[in-house]
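Below: the structure, in structure tokens.
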Amino acid sequence: MSATMLVAPALASVPEPAHVLHHKDGPVDQTAKGRVDSEAFLRGIVAVRLGDDLEAAQAFRTALQADPANMDLLRQAFVRNVMAGDPQAVELARLVDKTPEDRSVISALVLGNDAATRGAWPDAVQYYHRAGADPMAHLIMPLLLAWCQQAQGHADVAIDSLLHAQSSVLMPFNALHAAIIAQVSGLSDKAGALFEQAQKSMPGYDMLLTRSYAAWLWNHGQQDKARTIIRKLVETDSILGLAGPALQANISHYPVTSAREGIARAYVLTAFLLRQQAHEQAQQGGGAEGAALNLYQFNEAARLMLGFALSMDPTLVDARLMLAEIQDDEQHFDAARETLVRVPPQDPLAIVATLRLAVLETTNDHPADAIPLLQHLAQQAPGQIVIERALGNALSQTKDWNGAIAAYTRAIDLANAQKTPDWTLLFLRGMAYHEAGDWEHAKSDTRAALAYAPDEPLLLNFLGYGMVEQHEDLKEAEKLLRKAHELDGQDAAITDSLGWVRVEQGDLAGGIPLLEKAAEQTPEDPEVNYHLGEAYWRVGRKAEAVDQWNVALGLHPSPADEALIRTALQKAGVTPTPQTTGQAAPAQPAQEQGKHTP
């Protein structure tokens with residue numbers, strides 16, 4: 001797959017500033033009245049950067065209206081309308097297709113999909129064949145053409161073509177689509193044999209295969225076996241497990257019932273393969289900048305395939321879940337949110353989409369929006385660890401520590417009842433206890449977590465630093481922090497903690513170099529700057545101490561740290577004059593960002 005999966009650079013192109021627009025016969029005259037709508041074009045650029053394909057599509061269409069002969073604008077408008085799933089992409093594809101040298105795999109697939117949607121299957125075949133010259137499209141071309149054959153009443157030909165396709169990589173998926181084609185065409189016995197063949201060759205569990213085969217088994221009197229394979233599927237993933245009851249309730253329904261839906265599934269498969277390829281290349285390295293560019297290109301291509309899938313089947317939740325994941329990875333929160341809220345509520349996977357949306361809201365600083373979603377989920381699917389954990393996280397962000405503790409406690413009790421204790425849940429509850437001012441319970445939970453994960457630097461640092469804060473058994477605290485530092489010497493928070501415990505024990509010569517190193521690694525952490533200033537003060541470097549405290553004061557410290565810093569400055573007899581490092585200060589207190597208290 002690595003040798004053959006190529007991504008056309010055009011899929012990943014990002015508009016350049018307006019001054020580099022070119023016609024075929026030369027640069028665009030940006031000053032010519034009525035030629036270029038610069039405002040619309042710049043809106044399009046910004047929208048692309050923000051991942052807002054709908055806005056980008058509209059903006060580039062507006063810019064194109066002012067200069068309809070500009071092929072660069074036409075291509076940009078076309079690609080963004082495709083990404084947005086806008087119906088006008090078809091008309092733009094026809095415009096692109098008029099000029100042979102501007103034709104592309106994208107325009108061919110758009111026109112092929114349009115023909116398939118209209119039931120013009122011979123035209124669809126013609127366009128798909130043209131797209132098949134592209135290495136990426138070549139991989140799924142057997143699937144697209146097979147579904148066209150099925151729609152024209154040639155199911156046997158379609159099945160035979162898939163089973164004899166040359167790509168060994170896709171053979172399990174080809175066998176699956178062959179089985180679905182047989183089922184859609186009324187060849188039930190052949191479908192059963194092909195489902196069994198696909199199941200034997202599929203590496204791991206596949207949602208489409210499991211749901212399709214379970215429906216076939218159910219409708220052929222093998223209800224126990226059908227329920228078993230659905231149960232085994234949802235047991236592979238705690239989040240997917242939320243959909244278990246709904247999948248069982250819909251077990252008799254086939255997920256694909258038409259050629260159009262089959263083509264949509266082929267595009268989802270392509271997006272999945274692109275994502276897999278991106279992860280493989282990321283693991284192989286090749287430089288951070290190159291890896292980021294490759295990931296962007298693969299994500300753009302995957303989003304394009306998912307756009308095709310949703311244009312063929314707007315209700316396809318599998319496509320929406322994958323698309324939202326990509327959008328979230330690219331930090332396009334609003335786009336990901338819009339993708340998830342459009343999941344049909346009656347779909348068996350709707351509960352998974354709701355959880356994903358709630359987690360998305362939490363991680364993007366909208367916990368108040370996540371909490372009611374999670375509370376509803378907890379009522380809808382009681383006794384689920386993943387929901388209680390997510391609810392605890394959202395409540396923690398709103399500083400409802402008692403509510404968070406209660407949610408984490410329910411999750412811990414469930415994990416213990418299932419004999420699957422989870423140290424991370426104990427740690428989360430311990431942090432909530434700590435923030436609530438209950439150090440004894442926080443310490444107890446952290447020690448319990450360490451019993452399961454004795455070499456986890458995060459736990460060692462949290463417990464050791466907490467003990468320093470409480471001025472409690474500093475020798476044991478240093479022992480814990482030394483171990484954490486040995487395990488992860490590059491973590492600035494751990495380095496700071498170890499330096500601070502030494503300073504607190506009077507070992508200024510040993511502590512200051514560690515604090516200075518931590519400050520170099522995280523110059524915008526107010527807590528680290530406060531510690532370094534205090535150490536400087538204790539050795540008589542008072543001017544430097546005041547400088548550090550003023551810097552710390554300008555870095556939005558937490559209320560507790562701010563009180564310490566102001567007290568230190570009063571001790572020095574100076575008026576606070578907050579300084580900055582010349583970089584953007586954190587939006588949240590450092591402690592809340594995960595320095596000493598993740």
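According to the square roots a ≥ b ≥ c of the eigenvalues of the Cα gyration tensor, what is the shape class of segment 93-162, taking rounded for a/c under 1.5, prolate for a/b larger than b/c otherwise, and oblate for the remainder?
Cα axes put segment 93-162 in the oblate bin.
Principal axis extents for segment 415-466, Cα atoms only, whole Å, descending order, please.
30, 23, 12
So how tilted is helix 88-97 from the main axis of the chain? Cα-based, degrees 0 to 90, rounded to 10.
So the helix axis and the longest Cα principal axis differ by about 70 degrees.
Cα axis of helix 367-380 to longest principal axis of the chain: angle in degrees, 0 to 90, nearest 10?
60 degrees
Can you give the extra length, in nm with one decimal, that the chain gains between residue 50 and residue 188 once fully stretched, where that is 0.36 nm per residue apart less the Cα-Cα distance?
44.9 nm is the gain from fully extending residue 50 to residue 188.
State in Å² the accessible area per residue of the chain; use a 1.4 Å probe, count heavy atoms of protein chains only, and round to the nearest integer.
Counting only protein heavy atoms, the per-residue value for the chain is 44 Å².
So for the pair residue 488, residue 441, with labels modelled 7 Å out along Cα→Cβ, what separation do we get in nm?
A separation of 2.6 nm, rounded to one decimal place.
On the accessible surface of the chain, probed at 1.4 Å, how many percent belong to carbon and sulfur atoms?
Carbon plus sulfur share of accessible area: 52 percent.
Starting from the Cα-Cα distance between residue 453 and residue 342, subtract it from 0.36 nm times their residue separation and give me the gain in nm to one decimal.
Full extension from residue 453 to residue 342 adds 35.9 nm.
Obtain the nm distance between the two label points defined at residue 123 and residue 102 by a simple spin-label model: each point lies 7 Å from its Cα along the Cα-to-C-beta direction.
The modelled label-to-label distance comes out at 2.0 nm.
Could you give me the percent of Cα pairs per 10 Å distance bin for segment 47-129, shortest bin first, beginning at zero and ending with the bin that holds the maximum distance?
All Cα pairs considered, the percentages come to 20, 48, 27, 5.
Among 143-152, 102-111, 504-513, how do they line up by average Cβ neighbours within 10 Å per residue, starting with the highest?
143-152, 102-111, 504-513
Set the Förster radius R0 to 35 Å, insert the Cβ-Cβ distance between residue 368 and residue 473 as r into 1/(1 + (r/R0)^6), and round the FRET efficiency to 0.05.
0.35
So what is the relative contact order of segment 266-388, in percent, for Cα pairs below 8 Å that sit 6 or more residues apart?
16 percent
Helix 350-363 versus the longest principal axis of the chain: what is the Cα-based angle in degrees, 0 to 90, to the nearest 10?
The two axes meet at around 40 degrees.
Can you tell me, using C-alpha contacts under 8 Å and at least 6 residues apart, the relative contact order of segment 398-501 as a whole percent?
18 percent
Hey, could you grab the Kirkwood Rh for segment 185-235? Inverse mean 1/r over distinct alpha carbon pairs, Å, one decimal.
Taking every pair of different Cα atoms in segment 185-235, averaging 1/r and inverting gives 11.0 Å.
Run the reach check for residue 571 against lysines, Cα to Cα strictly under 23 Å, same-chain hits fewer than 8 apart removed. What comes back?
Cross-link targets: 542.
Ignoring everything except DSSP H segments at least 4 long, calculate the 222 nm mean residue ellipticity for the chain; use -39,500 (n - 2.57) per segment, divide by total residues, nearest 500.
For the chain, the value works out to -22000 deg cm²/dmol.
Quick check on the chain: take the gyration tensor over C-alpha atoms, sort the square-rooted eigenvalues as a ≥ b ≥ c, and tell me if it's rounded (a/c under 1.5), prolate or oblate.
Cα axes put the chain in the oblate bin.
What is the calculated FRET efficiency for residue 279 to residue 570, with r their C-beta to C-beta distance and R₀ = 30 Å, to the nearest 0.05?
Plugging the Cβ-Cβ distance into 1/(1 + (r/R0)^6) gives 0.05.
With each pseudo-label sitting 7 Å past Cα toward Cβ, what's the residue 563-residue 238 distance in nm, one decimal?
Placing both labels 7 Å beyond Cα along the Cβ direction yields 3.5 nm.
Assign one of three labels to segment 339-381, namely rounded, prolate or oblate, based on the Cα gyration tensor with a ≥ b ≥ c the square roots of its eigenvalues; rounded applies when a/c is under 1.5, prolate when it is not and a/b is larger than b/c, and oblate otherwise.
Oblate, since a/c reaches 1.5 and b/c is not below a/b.
Show me 390-397, 229-236 ranked by packing, highest mean number of other Cβ atoms within 10 Å first.
Ranking the peptides 390-397, 229-236 by packing returns 390-397, 229-236.
The values are calculated or read from the model by the stated rules, or taken from the named source; none is laboratory data. Please read these numbers as outputs of a predicted model, since none were measured by experiment. Backbone-built Cβ (ideal geometry, glycine too); neighbour counts: all protein chains shown. For accessibility, only protein heavy atoms count, side chains too; no ligands or nucleic acids. Shrake-Rupley method; radii C 1.70, N 1.55, O 1.52, S 1.80 Å.
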